[in-house]
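What follows is calculated from the coordinates using simple rules that are stated; it is not laboratory data. What you see is a predicted model; the values in this text were computed from it and never measured. Glycine gets a Cβ as well: all are built from the backbone with ideal geometry, and neighbour counts include every protein chain shown.
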Amino acid sequence: MTSKQVKALAGAVRTASGAVRPVPGVRITGGLLHDWQLRNGRATIPHTIDRLREAGNVANLSRLLEQDPAPYRGRYPFLDTDLYKTLEGLAYELGDGLAEEPVREFYEEVVTLLERVQAPDGYLNSYFQDPAATKKPWEDLAWGHELYNLGHLIQAAVAANRRMGDDRLLRVASRFADLAAERFAESGVCGHPEVEMALVELFRETGERRYLDLAAAFVDRRGRGELKHSIFAGDYFQDHVPFRELPSVTGHAVRMAYLAAGAADVHLETGDASLFEALDRLWDDMVAAKLYITGGLGSRHSDEAIGDRYELPSERAYTETCAAIAVMQWAWRMFLTTGATGGAKYLDVFERVLYNAYAVGLSADGRAFFYDNPLQRRPDHEQRSGAEPDGEPLRRAWFGCPCCPPNIVRWMAQLADYVAAERDGAVLITTYTTARIETAELGLAMETAYPWDGDVRLTVERAPGGPYGLTLRIPGWARGATVTVNGEPQDAGSGGWVTLERRWSAGDEVRLTLPMPVRAHGSHPYLDATRGAVSLARGPLVYCVEQQDSSGSAVDDLVVGVPEILAAAAERKDDSVVLRVAAHTAPPASAEPYPELPIPETPPETTVMATFVPYFLWGNRGPEAMRVWVRTPNGTNGKKAT
């Protein structure tokens, strides 16, 4: 692959200002991530297109060409974003030559509509452009989401220009961005952050400094009294104090993580040290006290918010799928800032989110979605997602606020953008999957069954003439990792990385082995919801137990000891790995919700063999009970086991 071809594959984030820069020339060719991308193209994208038509998203645009437009369809004024997110995903599919003709037809139809309905001044929003709209453009910045819409339009436009060489959307988005730059030159900020990331990317694509300046201004204006709060208080909007003074991640989880990702982008391009200091502090606080073990963010249904420190209930975990994507966007930008010097901690969370909090949002067949992602399902629970008054028992085919499905589409399509990064004289491997990695200097083939297996083989196919570095990430969960080059053991490195620097030749082989024993995880004593319970993990995967695999007893009665977890067997089953754990059942000793302690007698226990499955696969076999956190012998029935 030539350097010109590598440049043509430029991905979602293109910056040369950080410690490292993304590698655009990556193709995922096998393994779980490849399976996910195939499912995205064959099932999720066609399903999403059908649902966008049925829900009226396309008609909301086309009706603006009519003399007497039909009523806007949908409850929310920001439904254009679902088209934009889908278009972003389609740009990857079409640019890589993977999409079928109906996909191209949909892309062409929507792009053409956007060109035709855009207002002469550049404004574009199918809700507010309706002559019958009850509000005027820019009238309700807290809830109108017009700049949020613009952000997703820009990201779709940049993807189309980079991946397809199609600049039509870029012209549309730039006109709208120019209008926003004029309208918000001195004041104003959107109630839903997202446009900040997009404006920085538009700056990277066009070189127009005003877009970066506007993104920086939007970050700086938060918490300065420029947004009229309604329904919720200022902390919901991350607008109660200036961004750099936020004591903790707070408010609406998606908004918070999008804002942080945008601020990280601004830092990448401006070098504003005060922004990075705030971002790193907020990140550490989030990971320490506000992030679920799955990487999910957000514990409150009422306002889709993050909650207090250690407020992490399992059955009421909200952990919106969009928040998972937003956290990964934030993590990636922080890694680009720091590279192999401190960047491992961000990638550890990125990986945890990818394989757990994000992956669980989509059904195995690719046609149903979770909006919220609990870590426990009680036997009598009814799933209620978004703003709907009722819900299907598990994943749903679509939502009244369908922000998550097209977000899944676009992120799945661009997974290859997050496999590797580079700096002058070195390539860094960040995500392990079967892939081909091409830079201007180095060509690599990577083969692995990750995340089911920790063996990774990298073969050099094209090498530079002089010394060159190959840096491999060692996940934080990995203990005893080993590395060889052509069979010769190498230093295993430190700080989450191992760097191999040498004069490479075609045919050189690097073997990385990441042991994957089953791990037992407890929780902080302040985390009341899971105090005294235990969860299981292997590699980057968090596991759960479903009622279908515990037919002899209720999952709520399962008691699993740490020694038994550490001795658990990992077994290949179908296309995944399950964990077989020796356990026993301990039904409650009293029917009272609050029995007086100590309870004098306990019912007999039954020994069982429990099967735990990857959390991201739960809910594909029917609406049964599920638990990530299970009981341990200590404290059972109010007494400490002897």
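Taking the centroid of alpha carbons for each part, the stretch 172-215 and the stretch 59-84 are 24 Å apart. Summing Cβ point charges (Lys, Arg +1; Asp, Glu -1) relative to the Cα centre of the stretch 471-609 gives a dipole of roughly 780 debye. For the stretch 426-513, the extents of the C-alpha atoms along the principal axes are 35, 24, 21 Å, listed from largest to smallest. Annotation note: trypsin sites (Lys or Arg not before Pro) in the stretch 431-504 located in DSSP loop regions with a Cβ neighbour count of at most 12 within 10 Å are Arg479, Arg503. Gain on full extension, evaluated as 0.36 nm per residue between Phe232 and Glu54 minus their Cα-Cα distance, stands at 60.9 nm. Restricting the GluC sites (Glu not before Pro) of the stretch 11-112 to loop positions (DSSP other than H, G, I, E, B) with no more than 14 neighbouring Cβ atoms within 10 Å leaves Glu66, Glu100. Close amide-amide hydrogen proximity is noted between Gln238 and His252, each under 5 Å apart and 5 or more residues distant or on a separate chain (H modeled in the peptide plane; Pro and chain starts excluded). For the stretch 262-268, 3J(HN,Hα) computed residue by residue from phi via the Karplus equation (6.51, -1.76, 1.60; θ = phi - 60°) reads x, 5, 5, 4, 4, 4, 4 Hz, glycine and proline entered as x.
By other beta-carbon atoms within 10 Å, ranking Cys322, Cys403 with the fewest at the front produces Cys403, Cys322. Here the gap between Ala445 and Thr112, fully extended at 0.36 nm per residue and compared with their Cα-Cα distance, gives a gain of 115.9 nm.
In the stretch 442-546, Cα pairs under 8 Å separated by at least six residues give a relative contact order of 27 percent. What the Cβ-Cβ distance of Val241 and Ser302 gives, at R0 = 25 Å and to the nearest 0.05, is a FRET efficiency of 0.70.
For Thr606, the amide hydrogen comes within under 5 Å of the amide hydrogens of Thr585, counting only partners 5 or more places away or on other chains and with H modelled in the peptide plane. A simple charge model with +1 on the Cβ of Lys and Arg, -1 on the Cβ of Asp and Glu and nothing else charged puts the dipole of the stretch 539-642 at about 280 debye relative to its Cα centre.
Among Val241, Val327, rank each residue by its count of other Cβ atoms within 10 Å, from fewest to most, as a rough exposure measure. Write down the numbers at each step before the final one.
Details: Val241 15, Val327 35.
Fewest-to-most Cβ neighbours within 10 Å comes out as Val241, Val327.
Over the chain, Cα pairs under 8 Å with separation of 6+ residues give a relative contact order of 13 percent.
Rounded to the nearest 0.05, what FRET efficiency is calculated for Arg621 and Ala567 with R0 set to 35 Å and r the Cβ-Cβ distance? The formula returns an efficiency of 0.85 here. Based on C-alpha pairs under 8 angstrom that are at least 6 apart in sequence, the stretch 24-225 has a relative contact order of 20 percent. Amide H contacts for Thr471 (H built 1.01 Å from N in the peptide plane; partners 5 or more residues away or on another chain; cut-off under 5 Å): Val427, Leu428, Ile429, Leu500. With θ taken as phi - 60° and the Karplus curve 6.51 cos²θ - 1.76 cosθ + 1.60 applied, the whole-hertz 3J(HN,Hα) list for the stretch 530-546 is 10, 4, x, 9, 9, 10, 10, 8, 8, x, x, 9, 8, 10, 9, 10, 9 Hz, x standing for glycine and proline.
If you wrap a convex hull around the C-alpha atoms of the stretch 2-94 and split its volume per residue, what is the figure in Å³? Could the numbers behind the result be given before it?
Numbers: hull volume 16.1 nm³, N = 93.
Cα-based convex hull of the stretch 2-94, divided per residue, equals 173 Å³.
First check a/c for the chain, with a ≥ b ≥ c the square roots of the eigenvalues of its C-alpha gyration tensor; if it is under 1.5, answer rounded, and if not, answer prolate when a/b is larger than b/c or oblate otherwise. It comes out oblate by the Cα gyration axes. Per-residue Karplus couplings for the stretch 507-519, computed as 6.51 cos²θ - 1.76 cosθ + 1.60 with θ equal to phi - 60°, are listed in order as x, 4, 10, 10, 10, 10, 10, 10, x, 10, x, 6, 10 Hz, Gly and Pro entered as x.
With neighbour counts taken as other beta-carbon atoms within 10 Å, the residues Leu153, Leu38 rank, fewest first, as Leu38, Leu153. The separation of the stretch 277-346 from the stretch 96-158, counted between C-alpha centres, amounts to 29 Å. Only helical DSSP H runs with n ≥ 4 go in: add -39500 (n - 2.57) per run for the chain, normalise by residue count and round the 222 nm mean residue ellipticity to 500 deg cm²/dmol. Value at 222 nm, helices only, nearest 500: -10000 deg cm²/dmol.
Placing unit charges on C-beta atoms (Lys and Arg positive, Asp and Glu negative, everything else neutral), compute the dipole magnitude of the chain about its Cα centre in debye, rounded to 20. It would help to have the intermediate numbers written out before the result.
Numbers: 67 positive and 87 negative charges, 166 e Å.
Roughly 800 debye, rounded to the nearest 20.
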